[in-house]
Structures are given as C-alpha cells and as structure tokens.
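Enquirer: This is the structure I want to talk about, given as structure tokens.
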Amino acid sequence: MKKNDVTCSACGAGFRRLELATQPGTKGDYRCPACGEVLETFDGSALVAYRLTIQPTMKAIRP
C-alpha cells in the first residue's frame with residue numbers, strides 16, 4: 001500500500017491518497033469535489049482512494 005498527500009492546484013483542497021497495487025481498480029479519473037479539477041487519471045491497474053483532509057479556499061470555489 002502506498003500513501004501520499006495530494007493538493008488540488010485550482011482550489012487548494014488537500015487529500016490523502018491510498019493505492020493498493022494488489023487490487024484492480026477502475027479506469028477513469030478523480031475530480032476535486034470542490035472545484036471539478038482533474039487530480040488523477042486511472043488506468044485500472046491499482047485500486048486508488050482519495051479522502052479530503054484540508055478544506056478548499058472559499059475564494060477559489062466561488063465563480
């Protein structure tokens with residue numbers, strides 16, 4: 001299992017990223033739930049999970 005932290009470049013939200021190489025995942029992408037920015041595109045070779053750990057800045061998510 002790999003663990004690391006990821007920060008959204010658009011709104012500053014912080015995430016904990018977990019990757020299990022022993023489990024197959026799904027193809028697709030993960031978008032920041034606050035602003036919609038693509039954080040990662042998956043190829044399905046590993047199971048990846050994200051957990052929000054730092055709230056985004058309000059200035060970044062307002063239009």
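Enquirer: If you check every pair at least six apart or on different chains, which have Cβ atoms under 9 Å apart with a residue in the stretch 15-29 that is over 22 Å from P56 (Cβ atoms) first and a residue that is among the acidic types (D, E) second?
Expert: From residues that are over 22 Å from P56 (Cβ atoms), the pairs are G25/E19; G25/D43; K27/D43.
Enquirer: Within the stretch 1-28, restricting attention to residues that are over 15 Å from L52 (Cβ atoms) and hydrophobic (A, V, I, L, M, F, W, C), which residue is most open to solvent (accessible area, probe 1.4 Å)?
Expert: M1
Enquirer: Before we move on, is R31 open to solvent by 70 Å² or more (accessible area, probe 1.4 Å) and at pLDDT 95 or above?
Expert: Yes, satisfied.
Enquirer: Hey, can you tell me all the residues within the stretch 34-53 that are assigned to a strand (DSSP E or B), more than 12 Å from the chain's Cα centre (by Cα) and surrounded by 11 or more Cβ atoms within 10 Å (Cβ to Cβ)?
Expert: Result: L47, single match.
The values are calculated or read from the model by the stated rules, or taken from the named source; none is laboratory data. Since the model is a prediction, treat every value here as computed from it, not as a measurement. Glycine also receives a Cβ, built like all others from the backbone with ideal geometry; neighbour counts cover every protein chain displayed. Just so you know, the surface numbers come from the protein's heavy atoms only, side chains and all, with ligands and any DNA or RNA stripped out. Shrake-Rupley method; radii C 1.70, N 1.55, O 1.52, S 1.80 Å.
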